[in-house]
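Notes to accompany the following structure.
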Amino acid sequence: MPPTLDADAVRTWCALALDALGRTREEIDAINVYPVADGDTGTNLYLTVESATRAVDAVFEGHATTGPGSRPGLPEAVRAMAHGALIGARGNSGTILAQLLRGMAEVLAAAGEADHPTGPGGHDDAALLRRALRRAVESAYEGVARPVEGTVLTVASAAADAAATTPGDGAAVARAAHEGAATALEATPGQLEVLGRAGVVDAGGKGLVEVLGALASALAGGRPGPGATTGAPPRATRAWRSEGCTADLGSGTATGADPACEVIYLLEAGDDAVARLRTRLDALGESLVVIGGDGLWNVHVHVDDAGAAVEAGIEAGRPYRIRITHFGSAREERTDVREPAQRAVVSVVPGTGLAALCADAGATVVAVGPGETPASGELLQAIRRAHAREVVLLPNDADLRHVAAAAAEQARTEGVRVALIPTRSPVQGIAALAVHESGRRFDEDVVAMTAAAGATRYAELVVAERQSWTMAGVCQAGDVLGLIDGDVAVIGAELAGTAETVLDRMLAAGGEMVTLVLGADVPDAVAERLRRHVRGGHLAVDTVVYRGEQLSAPLLIGIE
């Protein structure tokens, strides 16, 4: 009997879709000519599905900690998939795909919670899937300000139409949706002039065909193989090519006048504010897609004035994870024929101040916000962007160990020599970067940076969000927690006093230099007080202060 449409099938679907997009990413990038020929549709779809996959995996892992055999239900799995896609959506096609998944999740979650069992899985998979695909299309058209036929929207609509008229079980309906989408994809060059001139099918539509093929495979009993993709494959560094057609990505799009840049951000706002935002952004630019709901939205638009697009978001609510891509620089990056540098450093950092500090030191920076975890694809892109034969990767977070390892392994298959130094804190990354010398032999440089990072003990001060048990006792909401090497060691009432206690404990074991990294809104007076405290109790210890402006922790401390 084929698998039923349950949480396990959703997890398998995500894994198979990620694998499929990993294998076809370069091909999809290569045919990307609409709405902007920036050669990144495959990469954007991959990163969107990677975020969805990680969210579903996290739900399963969370259940595994509650007891043997505990598994999530269908509603929990599909909502995680939709939320992961929403917060990780990239580019025009990735944003539309996230809305398609959200539409499906609405129907699947509601059915999973209803008490109307009609089959082995508690519901009629075939009828449920037909409704889910139809709602996905409706949601996608609602999210796009000016729908264009011959795109991923047309392909999605054809999939839903094919599913609606196909009898059989869920596997048969999914297979029909995939076949209908594939047929519609082949017709896109005749529906959109820019595709016809280029002689290619729609890139976003092709990505959707891969995702629907993964769904059909999952419901037919398919499983991800041992070689499933863990990172996006090599990026094409040439102009895109298809049969009988060659175009230069640097020459502009085939649609005429180009917007200067792409703006994407997540937005916390109410429905009314978002309705006003849609109207304003539609007047500012094109390719507007706004997806989401329940107070969280993903906004995507192509504009000439990026500042105006961000300001519109600020007026509507709280925008964050703001990404601005200038199309000219993106095309130059994808057609870069410069001789690669010999060595580069890629560093993951929180806060604008630390990002500027590391960039000034010559590192390629991956900036993250509070609670954000970069995907392996993002780290891989940063390694590529460094454009060097040898790269030292500094994750600066213990939780990024596996993600960074996956990115490093993929980069090695592309011919880049990558050394991953397992830095667990930004202050360890600063210490490693301080001793970096590109003129040394690679192995010697890596050893020196690793030694500097390893010799740096680290601490961070955070504010407790709720009452909790810790290794230092019970804390209350609002208490200041001093974490030394990742464990809560001190509980205090205010920042500076707690930091003094943390410093005394750490310096009791020795040290020659204290590094203080101030978070956003922490006054300079706190740093001066701590500097005097160190000088008063440890005369031979120097103190260095940086304004990190990180939101995740008010204060980071390093002891070397």
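The values are calculated or read from the model by the stated rules, or taken from the named source; none is laboratory data. Only a predicted model underlies this, so the values are computations on that prediction, with no experimental measurement involved. A quick note on method: Cβ atoms are made from the backbone with ideal geometry, for glycine too, and the neighbour counts reach across all protein chains shown.
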Test for V368: is it modelled with pLDDT under 85, of a type in the set (V, I, T) and surrounded by fewer than 18 Cβ atoms within 10 Å (Cβ to Cβ): no
Extreme residue, farthest from L21 (Cα to Cα), among residues of region 359-382 that are part of a helix (DSSP H, G or I) and free of Cβ contacts under 8 Å to residues at least 40 places away in the same chain: D360
Lone qualifier among R130, R175, R146, R135 - being in contact (Cβ under 8 Å) with a residue 40 or more places away in the chain, surrounded by fewer than 21 Cβ atoms within 10 Å (Cβ to Cβ) and assigned by TED's automatic domain parsing to the domain that holds A82: R146
Sole residue being out of contact with any strand residue (DSSP E or B) (no Cβ under 7 Å at 6 or more places or on another chain) and free of Cβ contacts under 8 Å to residues at least 24 places away in the same chain, chosen from G73, G94, G69: G69
Residue match in region 403-419 (condition: in contact with a helix residue (DSSP H, G or I) (Cβ under 7 Å, 6 or more places away or on another chain), within 22 Å of G351 (Cβ to Cβ) and outside any helix (DSSP H, G or I)): no
The one condition in (1) of a type outside the set (K, R); (2) within 22 Å of G351 (Cβ to Cβ); (3) modelled with pLDDT under 95; (4) outside the structural domain of L551 (by TED's automatic domain parsing) that A464 fails to fulfil: (4)
From A309, A257, residue being at pLDDT 75 or above and farther than 30 Å from P340 by Cα: A309
Every residue from region 422-468 that is of a type in the set (S, T, N, Q) and assigned to a helix (DSSP H, G or I): Q428, T450
Unique residue being in the same structural domain as R535 (by TED's automatic domain parsing), part of a strand (DSSP E or B), surrounded by 13 or more Cβ atoms within 10 Å (Cβ to Cβ) and touching a residue at least 24 places away in the same chain (Cβ under 8 Å) when the list is L483, L503: L483
Restricting region 515-552 to residues that are assigned to a strand (DSSP E or B) and hydroxyl-bearing (S, T, Y), the residue that is surrounded by the most Cβ atoms within 10 Å (Cβ to Cβ): T515
Verdict on S425 being buried (at least 19 other Cβ atoms within 10 Å of the Cβ) and either under 30 Å from V403 (Cβ atoms) or in the same structural domain as R384 (by TED's automatic domain parsing) (or both): yes
Residue count, region 279-328 (criterion: charged (D, E, K, R) and farther than 24 Å from V148 by Cα): 6
Selection within region 387-427 - acidic (D, E) and in contact with a strand residue (DSSP E or B) (Cβ under 7 Å, 6 or more places away or on another chain): E390, D397
F60, sole failed condition from (1) closer than 21 Å to L219 by Cα; (2) at pLDDT below 85: (2)
Number of positions in region 471-480 that are in a strand (DSSP E or B) and farther than 23 Å from N396 by Cβ: 3
